[in-house]
Structure formats: structure tokens, C-alpha cells
Amino acid sequence: MSTLDDLPLRDELVGQRPYGAPQLDVPIELNVNENTHGLPGEAIADIAQSLHDVIAGLNRYPDREFSRLREALAGYLGHGLVADQIWAANGSNEVLQQVLQAFGGPGRSLLSFTPTYSMYPLLAAGTQTSWVAVPRAEDFTVTPEVAAEAVRAHRPDVVFLCRPNNPTGTGLSLEVIEAVYDATDGVVIVDEAYQEFAGPDAPTALSLLAGKPRLAVSRTMSKAFAFAGVRLGYLAADAAFVDALRLVRLPYHLSALTQAAALGALRHSEALLANVESIRAQRDLIIRRTRELGFAPYPSEANFVLIGGISDPQATFTALLERGIIVRDNGIPHTLRVTAGTPTETAAFLEAFAEVASPMAADS
Ligand SMILES: *Cc1c(COP(=O)(O)O)cnc(C)c1O
């Protein structure tokens, strides 16, 4: 067998590693920010029926424009959006990749504020878009002034703004988005994968879309919706922006099964989102309790907490894993990220964490 090194790989992929959050079969999986609650029974039965209904027609290609799904997604998002302003793909990662295929590419650049979602540089490499990482402040916030200044200095073709930010949980004000939009001629994508966890009345970049043809907001059914296995991410923007993505999508990229499952889930959105409040409470409990234990959790508007002030994160990660709990080491010194799960999972995590983790000394 040959190795990757023996193959005539594209230069920018040499030495890269595939996205690789470990997929281990352990009792408590709190490492990839899924909604750890199962689907409600009523939704399962209805989605199963919808899937059954399309199977007989699987000899035909699916609706290439997934019109019914786009209408349903527009209805879910509200803000006066209509189907022409909605796009979807197999996970919001694919949506973001399509954005880079349409607006990035050779000789072009993508800017974001780091640390942020680890897929952004990989999507850039995969589309030959150069990656510009602008560091966040020490507390991981970004101000409108700093953001606009960075965009004016680097003149990127595409800006990704992750709010709440993964892996830090940090919020981002709408003023930052407006400042970035005004400072660039490129496209600005606001990744709101965790928006539902910010609270029912939290501001959303959807409210800024009107009159901003270079702005787009991406969402996903993988997190709050408890539907990660289906792979359905989507985006809202001006209809012309959506047309641009239609230039690069593969024909029939959303299978009839995916479309039926997503439509079914949207019919039950209330039931699927029913645990969001409880997850927010578990998140706040993780913050409170780890602070009491002497750690430095960062504020979070998402369904996870980045816990700082851990003296030896790698040892802590391993010790938790030995107890059947997997969390995430994102490589930020002295931190681990943990997903807020069910009350039982959170309690088990907090008990084990108190046992195996030690806070950094106060003077270090
Ligand atoms: C999880 C996540 C996504 C969503 O990925 P899918 O492909 O929709 O599963 C997008 N952006 C961020 C920041 C995420 O953490």
C-alpha cells in the first residue's frame, strides 16, 4: 500500500489533516456540540412515514431546487424571508464550501477572527482560497473597530463571522457585522450554527439582511434541532446571492430522503427544539460550577462551554475518557470544551471533572 506522501497531491493539501474530532463509542459524548437528547417519538413516526412515502419515487432524481424545503425553511426563519432567499446543502459546512467556491478561490482570500471554527481554514485550503486569521482579544471578543480595521487592512473577498463563536462560545454584536459589511466590498457570512441557544429574543443577523446583497446568514439543523445525522445546513441571503450558489452546487445535491426528513423535522420544530431551554440551563450550570471549582469558564451563548484555567488539559481529557466521558481539546492552552448535554450527562461530567481536573495556580 502506498501512502499520501506518494501521491501527486495538490500543494496546499500536503501535510494537512482531515477534520478529526474523535468518534469514540463512549457512554457520554460531549465533544462535538450535538444536541444529546434523542428525537421525540411523535416526530420519529411522522418522519418515518415521510421517508416511506418517497421511497417508491427514488428511481427519479429529487427536486433539484428543493422548493418545498426552501419554503419551509423560510417560514421557520421568519423575518419576512421567502423561498428564493434560502439555500441548503448537506450540512452548513457544505453551504460554506459552496460560498467559497462561488466567492473565494485562487487569488482570493477568506478572513476570520481566531480562535474560531476549525473547518474554516480547511474549507479555504480545499477551495484554494488563502486564509487570513486575525486574532481575537484575550477574552475572545471582537469589537466593531478592530473588525473593520482588520478588514480594511487585509481586503478579504470573503469574511466568516461565527456567532456565537465555536469553540469559545463568545457572542458577537450586530454592530460588528455592520462595521465589517461597510468596510469590505466582499461577501460577509454570519455563521449562526448555535443561534437557537442564544435565547428566544437574542438578536440575529437575519434582521440585517434587507438592503445588504453581500450579506448571508448560515444556520444548521445539526445543533439545536437534534438532527445532526441528517446533514442539513442552510443559508439566508438576497436572492441573487442564492443564485450564485446555484452555479457551483452539484446537480441534485440534496437527496429526496434528506428533503423529506428535513421537511418532517420542520413540521415538528417545536418538539425538536423543546430541550433548548434545558440545555441552556445545563450550560449555565457548567459555568457556575467550574468557576466555583477554581477554573475560568468563558461566557457562552451556545450549547457548550470553553473551560479555561485547567493546569493540564491533556491529562484531564484522558482521565475523563477513562471515566467514559469525551470532551474536546481544541488546542487552546489550558482549556477544554464541553457540550451541555442532558442533566444526567452534565452531572456526571461535573462530578468527574471535579475529581480529575486541577486549576492552574492563582499566580500563573
Ligand atoms: C457544528 C457547526 C457547523 C455545522 O455543521 P453542519 O455541517 O451543519 O453539521 C457550522 N458552523 C459551526 C461554527 C459549527 O460549530
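The values are calculated or read from the model by the stated rules, or taken from the named source; none is laboratory data. Given the structure is predicted, the values throughout are model-derived calculations rather than measurements. For neighbour counting, all protein chains shown are included, and Cβ atoms are generated from backbone atoms with ideal geometry for every residue, glycine included.
Using the structure shown, decide if V54 is closer than 27 Å to A271 by Cβ and of a type in the set (V, I, T). Yes; evaluated as a whole, the condition is true for this residue. Among the residues of the stretch 84-96, write down those that are under 15 Å from L247 (Cβ atoms) and more than 13 Å from the chain's Cα centre (by Cα). Correct list: W87, A89. Of everything listed in (1) closer than 24 Å to L272 by Cβ; (2) at pLDDT below 95; (3) more than 12 Å from the ligand (Cβ to nearest atom), the single unmet condition for P251 is (1). For L39, which of the numbered conditions (1) under 17 Å from L254 (Cβ atoms); (2) out of contact with any Ser or Thr (no Cβ under 8 Å at 6 or more places or on another chain); (3) crowded, with 17+ Cβ neighbours inside 10 Å fails to hold? Answer for L39: the failing condition is (1).
Given the criterion without any contact (Cβ under 8 Å) to a residue 40 or more places away in the chain, more than 25 Å from V14 (Cβ to Cβ) and out of contact with any Asp or Glu (no Cβ under 8 Å at 6 or more places or on another chain), identify the matching residue among A133, A124, A88, A137. After ruling out the rest, the residue left standing is A137. Filtered by the rule that a residue be assigned to a loop (DSSP other than H, G, I, E, B) and either within 14 Å of D185 (Cα to Cα) or more than 16 Å from the ligand (Cβ to nearest atom) (or both), the stretch 157-167 gives a lone residue, D157.
Just one of (1) part of a loop (DSSP other than H, G, I, E, B); (2) out of contact with any strand residue (DSSP E or B) (no Cβ under 9 Å at 6 or more places or on another chain); (3) surrounded by 21 or more Cβ atoms within 10 Å (Cβ to Cβ) fails for A261. It is (1).
The set of residues in the stretch 95-111 being in a helix (DSSP H, G or I) and without any contact (Cβ under 8 Å) to a residue 40 or more places away in the chain consists of Q97 alone.
The residues of the stretch 207-236 that are hydrophobic (A, V, I, L, M, F, W, C) and more than 16 Å from the ligand (Cβ to nearest atom), listed by number, are L208, L209, A210, L215. Of all the listed residues (D25, D5), the sole one being closer than 30 Å to F317 by Cβ, in a helix (DSSP H, G or I) and free of Cβ contacts under 8 Å to residues at least 12 places away in the same chain is D5.
The C-beta contact set for the stretch 162-175 (first residue among the small types (G, A, S), second residue in a loop (DSSP other than H, G, I, E, B) and within 9 Å of the ligand (Cβ to nearest atom), distance under 6 angstrom, 6+ apart or interchain) comprises G169/A302; G171/P164.
Condition check ((1) surrounded by fewer than 20 Cβ atoms within 10 Å (Cβ to Cβ); (2) within 16 Å of the ligand (Cβ to nearest atom)) across all residues:
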residue: R68; (1), (2): yes, no
residue: E71; (1), (2): yes, no
residue: A88; (1), (2): no, yes
residue: Y120; (1), (2): no, yes
residue: A133; (1), (2): yes, yes
residue: D139; (1), (2): yes, no
residue: R152; (1), (2): yes, no
residue: R155; (1), (2): yes, no
